[in-house]
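Notes for the one structure printed next.
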Amino acid sequence: MKVLITYSTLTGNTKKIANSVKDAIQNADLLDISEVNTLDYDLIIIGTWIDKGSADNKALNFIKTIKNKKTAFFFTLGAYANSEHSKNCNNKITEILKENNNEVIGSFHCQGAIDPKLIEQMKKMFPADHHHGANPESLKRWGDASTHPDVNDERNAKEYFENLIKKLG
Ligand SMILES: Cc1cc2nc3c(=O)[nH]c(=O)nc-3n(C[C@H](O)[C@H](O)[C@H](O)COP(=O)(O)O)c2cc1C
């Protein structure tokens, strides 16, 4: 089975997980999303970082070119992995892939450190009582995110994709 693992990343979190996926599927091609020049694969696995509640633009543009394929995806995000927000992101990316008649066989996600420059911007832009502002909840979440992806996330990603490939037989 020919497998493509491709990812979009700004600060390296999603690339880290892409490397774990590659560890799980060693004969797969691993490419930055801007390097992909064929979709001639049996399974396409897309990695994206979350930008405003969905895949980032580079990943979105790439996803829109995939039609009638077996796919899976993974993402990293600043919100907690078990949050409603991450569930919504998961559903949204699944829907976008399905719009073009793609089969989605699985997905994985974990928290990822938020660029400190963005945190500084949010502190300036939003009052503390805004959900993006520097209130105790946000400060805790930003702090918790700052250590991810960690070794557990990397191991979980590897195990998840090993099992997914095993199920395909
Ligand atoms: C412009 C921008 C928008 C973001 N929007 C969201 C968002 O809507 N929800 C979220 O949970 N995280 C958001 N994040 C956090 C990133 O998704 C997260 O830090 C991710 O792990 C970055 O991955 P990367 O290192 O591969 O670029 C945003 C980050 C940036 C820079």
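Taking only the alpha carbons of the chain, what extent do you get along each of the three principal axes, in Å, biggest first?
Principal-axis extents of the chain (Cα, largest first): 50, 31, 27 Å.
Can you give me the long-range amide H partners of Gly106? Hydrogens built in the peptide plane at 1.01 Å from N, cutoff under 5 Å, separation of 5 or more residues or another chain.
Residues meeting the criterion, in which the H sits 1.01 Å from N, are Phe73.
Take every DSSP beta bridge whose two residues both sit in the chain, then give the antiparallel share in percent to the nearest 5.
Bridges in the chain that DSSP calls antiparallel: roughly 10 percent.
Can you list the aspartates and glutamates whose alpha carbon is less than 17 Å from that of Lys92, not counting same-chain residues fewer than 8 positions off?
Result set, ordered by chain and number: Asp51, Asp56, Glu84, Glu103.
In straight Cα distance, which aspartates and glutamates are under 12 Å from Lys2, not counting same-chain residues fewer than 8 positions off?
Leaving aside aspartates and glutamates fewer than 8 places away in the same chain, those within reach of Lys2 are Asp29, Asp40, Asp42.
Cut-off is 10 Å between beta-carbons; in what order do Val21, Val104 appear when sorted fewest neighbours first?
Val104, Val21
Calculated from DSSP H runs of 4 or more alone, at -39500 (n - 2.57) each and per residue, what is the 222 nm mean residue ellipticity of the chain, nearest 500?
-13500 deg cm²/dmol
Distance cut-off 19 Å, Cα to Cα: go down the list Lys98/Lys166; Lys52/Lys123; Lys52/Lys87 and report the pairs above it.
Lys98/Lys166
Cut-off is 10 Å between beta-carbons; in what order do Asp40, Asp153 appear when sorted fewest neighbours first?
Result, fewest neighbours first: Asp40, Asp153.
Going through the stretch 51-157, which trypsin sites (Lys or Arg not before Pro) have at most 15 other Cβ atoms within 10 Å and a DSSP loop state?
Within the stretch 51-157, the qualifying trypsin sites (Lys or Arg not before Pro) (loop, at most 15 other Cβ atoms within 10 Å) are Lys52, Lys64, Lys67.
Can you tell me the equivalent ellipsoid semi-axes for the stretch 100-151? Use √(5λ) from the Cα gyration tensor, largest first, whole Å.
In descending order, the three semi-axes are 29, 15, 10 Å.
Rounded to the nearest 20 Debye, what is the dipole magnitude of the chain about its Cα centre when Lys and Arg each give +1 and Asp and Glu each give -1 at the C-beta?
Computed about the Cα centre, the dipole is about 200 debye.
Cβ under 12 Å from Asn102's Cβ, Asn102 left aside: what net charge do those residues give with Lys, Arg +1 and Asp, Glu -1?
+2
Could you calculate the FRET efficiency of Lys67 with Ser34 from 1/(1 + (r/R0)^6), where r is the beta carbon distance between them and R0 is 22 Å, rounded to 0.05?
E(calc), rounded to 0.05, equals 0.65.
We did not get these values from a lab; they are worked out from the coordinates using the rules stated. Here the structure is a predicted model, which is why all the values come from computation and not from measurement. Note: ideal-geometry Cβ built from the backbone for every residue, glycine included; neighbour counts use all protein chains shown.
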